[in-house]
Amino acid sequence: MKGYGKVYKEVMRDTRLTAGEKGLYAYLCSYAGGSGNCYPSRSLISHEMGLNKDTVTKYMAKLRALGYIKLAKKRGGRGRFENNRYIIVHISGDAASSSDRETGSRHTGAGKTMSG
C-alpha cells in the first residue's frame, strides 16, 4: 500500500489534543492523501489503530469540535448509511472565517486557500 497524507503542524502543536487524538488525525490524513476526503469505517480505524470503537468516537468528536475534521454521513440504497466521509479541514487558528468552515475551504499556510 502506497500513499501519503499531509499533516498540518498546527494540529500537531495544538495542546488541547492528546497524543491519541493527534494520531487519529494523522491516520485520517494518510487515508485522505491529497484529496482531503477519506472513508475508513470506524471498525477499520479501531482495528488498525488498536483502539476500541468508543475511543475512536471520542477522538473524532474532539477533532470535529475543534474544526479539524468534518463528518459527512452518506445514505446508500434503501436508506442505509454507508461509511462516513471524513473531510480534513485545516483552519488556521481563529483567523478562518465562518464562510471558510461552511464551504470546506482551508488555508494552506502560505496565505492561499484551497477548496476541500
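The values are calculated or read from the model by the stated rules, or taken from the named source; none is laboratory data. Quick caveat: nothing in here was measured; it's all calculated off a predicted structure. Because the Cβ atoms are built from the backbone with ideal geometry, glycine has one as well, and the counts that use them run over all protein chains shown. The protein model used for the area step is the full one, side chains on, heavy atoms only, and it has no ligands, DNA or RNA in it. Shrake-Rupley method; radii C 1.70, N 1.55, O 1.52, S 1.80 Å.
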Item to complete: At 1.4 Å probe size, with no ligands or nucleic acids counted, give the accessible surface of residue 73 in Å², nearest ten.
Response: 130 Å²
Practice prompt. Check each of the chymotrypsin sites (Phe, Trp or Tyr not before Pro) in the stretch 1-87 and keep only those in coil by DSSP with at most 16 other C-beta atoms within 10 angstrom; list them in order.
Written response: 4
Response to the item:
Contour minus Cα-Cα span, residue 12 to residue 84, at 0.36 nm per residue, comes to 23.6 nm
Practice prompt. Report in % the part of the accessible area of the stretch 1-74 that belongs to carbon and sulfur, leaving out ligands and nucleic acids; probe 1.4 Å.
Written response: 54 percent
